[in-house]
1. Find all pairs meeting these conditions: Cβ atoms under 7 angstrom apart; at least six residues apart or on different chains; first residue within the range 142-158 and more than 19 Å from residue 122 (Cα to Cα); second residue at pLDDT 90 or above and in a loop (DSSP other than H, G, I, E, B).
2. Go through the residues of the range 134-142 one by one and say whether even a single one is within 16 Å of the ligand (Cβ to nearest atom), surrounded by fewer than 23 Cβ atoms within 10 Å (Cβ to Cβ) and more than 17 Å from the chain's Cα centre (by Cα).
3. Would you check if residue 104 is closer than 22 Å to residue 186 by Cα, under 17 Å from the mean Cα position of the chain (by Cα) and surrounded by 13 or more Cβ atoms within 10 Å (Cβ to Cβ)?
4. Among the candidates 172, 161, which residue alone is under 13 Å from the mean Cα position of the chain (by Cα) and near the ligand (Cβ under 9 Å from one of its atoms)?
5. Take the residues in the range 160-203 that are in contact with a helix residue (DSSP H, G or I) (Cβ under 7 Å, 6 or more places away or on another chain) and part of a loop (DSSP other than H, G, I, E, B), then tell me which one is farthest from residue 95 (Cα to Cα).
Ligand SMILES: [Zn+2]
C-alpha cells in the first residue's frame, strides 16, 4: 500500500459530506436562508463540478466489492485546501465533517465509550485516513492526536487545515453523548508538527 493512498470510501464520504453541507451553509451565510440554487453556491464552479464529476464517476462502482480500492490522497488534500480557501470554507469543512461523524456514529453500536472510540479508530485506519491516540480523557474533556492524518501528512502550510476531521470527531462525540461538544485542532502536521492534535470540550 502506498503511503499516499486513501481508501476510496473515505474520499467519497468526504466529497459527499461537502456536497451535502456546502450549499446549505453557504446559503445560510450569504443569504440567511437554506433554500438552494446554483446562484447561492459560492464555491468556485469548477471546484464544485470537479467534486460532482468525481462523485458520479465513483458511484458507478459497486461499493462493497471495491471497499479496498485506493485512490491517490493528493487529490483529496488539494480538494480540502480548495474548499478551505473559499468563503466560509472552515465552517463548511467542519460542518461537513460533523455531519459525517453523526452518521458514522449511528452505525457503531457500542455502549462502552472506549470501545466506541476503538471502533471509530478501526474505521479511520481502514480508510487509511490516520490513527487516533487518546492523550487525556475525562467526562467533559478529551485531548487526542491523529497520526498520519490523510489531509495534512503530505503537504506544508503555515496554518492548521484539518477542519473536516475536527468536525468529524465533534459529530462522533455528539452522537455518542447526546450533548454538544467543541472540537478544535491545536497542532497540525501540515505546519510541521509531529501529528495533528485536537481538544474536545463538552459545552
Ligand atoms: Zn491537521
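1. 152/161; 152/162; 152/188
2. yes
3. no
4. 161
5. In this case the residue turns out to be 195.
The values are calculated or read from the model by the stated rules, or taken from the named source; none is laboratory data. Being a predicted model, the structure only gives us computed values, none of them experimental. Methodologically, a virtual Cβ is constructed for each residue, glycine included, from the backbone with ideal geometry; neighbour enumeration extends over all protein chains shown.
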